[in-house]
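First comes the structure, then the notes that go with it.
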Amino acid sequence: KIKEEDLLFQKEFTCPVCEQKFKHPSMRGGKVRFLGADMDLKPNYEYIEPLKYDIIACPCCGYTAVLKYFPSAMSYEKKEIKAKISPTFIAPDFINKDVYSYEESLLLYKLGLACAVVKKGHDSEKAYTAMKAGWLIRSMEKDEPDKEKLAELKSQEIEYLKAAKEGFILARQKESYPIAGMDESSLDYLICVLSYEVGDYATSSKIMSSLLTSPKTPKKIKDKLYDLKQELKSKMQ
């Protein structure tokens, strides 16, 4: 039987804030089978949930961010982290472990969001981090037998996805493309789906119509939207 630790290795990182080196569990490339993606692009893999390890925390100063944003920090961001995060940060014991639990990883996502706010990060970074936290909770739901706890997890997932949707809308208005690695059509598609998932059907319908009628929208995105169109129509009725 394949174990989660068999699919991980300790990768060395250098903190861009305090410049200390440390190791963090990372997924071995080519060792895991991709099972497909959810409607909102959440990837799914066999035997492991990589989202647990996509959030990185420096055990020395507390700087925490998702892998996409971790390697670099502007001088003013470093100053804010050192002034407002580092003085009270105590590294949790699990940071030295080879495998993280869902709950442990979720704590790091919360710290990552706090760091993004403190350093005055872009709306897209905060939105991307919140979305990944929501995705992580969705994976937690799969193994939760208790209906009451499952409902609580679903509520938390929706709150994070709602924050992600609102953050991406702000980023769309203020930031230049690519935004979180996405072009305009991809970002609009993601906002459309996130809006649907959190029950904002009006926003979802508006963006969907714009994407489906635009000649700039790639065919693969239109194909995905056709699958969503009937579901959205049913929900709005």
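The values are calculated or read from the model by the stated rules, or taken from the named source; none is laboratory data. Since this is a predicted model, take the numbers as computed values, not measurements. Ideal geometry is used to build each Cβ from the backbone, glycine not excepted, and the neighbour counts take in all protein chains shown. Just so you know, the surface numbers come from the protein's heavy atoms only, side chains and all, with ligands and any DNA or RNA stripped out. Shrake-Rupley method; radii C 1.70, N 1.55, O 1.52, S 1.80 Å.
Packing here is the average count of other Cβ atoms within 10 Å per residue, and on that basis the peptides 216-228, 48-60, 75-87, highest first, run 48-60, 75-87, 216-228. Put simply, when 166-174, 191-199 are sorted by average Cβ atoms within 10 angstrom per residue, most first, you get 191-199, 166-174.
For the chain, the longest principal axis of the Cα atoms and the long axis of helix 102-118 meet at an angle of about 90 degrees.
Across the chain, Cα-Cα pairs farther apart than 24 Å form 50% of the total. A 1.4 Å probe run over the chain, with the rest of the protein chains in place, finds 54 Å² accessible per residue. Model label sites at Glu141 and Ala202, defined 7 Å from Cα along the beta-carbon direction, differ in position by 2.5 nm. For the chain, the dipole from Cβ point charges (+1 on Lys and Arg, -1 on Asp and Glu) about the Cα centre works out to 620 debye, to the nearest 20.
Taking only protein heavy atoms and a 1.4 Å probe, the accessible area of the stretch 1-70 is 48% carbon and sulfur. Shape class of the stretch 60-200 from the alpha-carbon gyration tensor: oblate, with a/c at 1.5 or above and b/c at least as large as a/b. With contacts taken as Cα pairs under 8 Å and at least 6 residues apart, the chain reaches a relative contact order of 14 percent. Using only side-chain charges placed at the Cβ, +1 for Lys and Arg and -1 for Asp and Glu, the dipole size of the stretch 119-207 relative to its Cα centre rounds to 240 debye.
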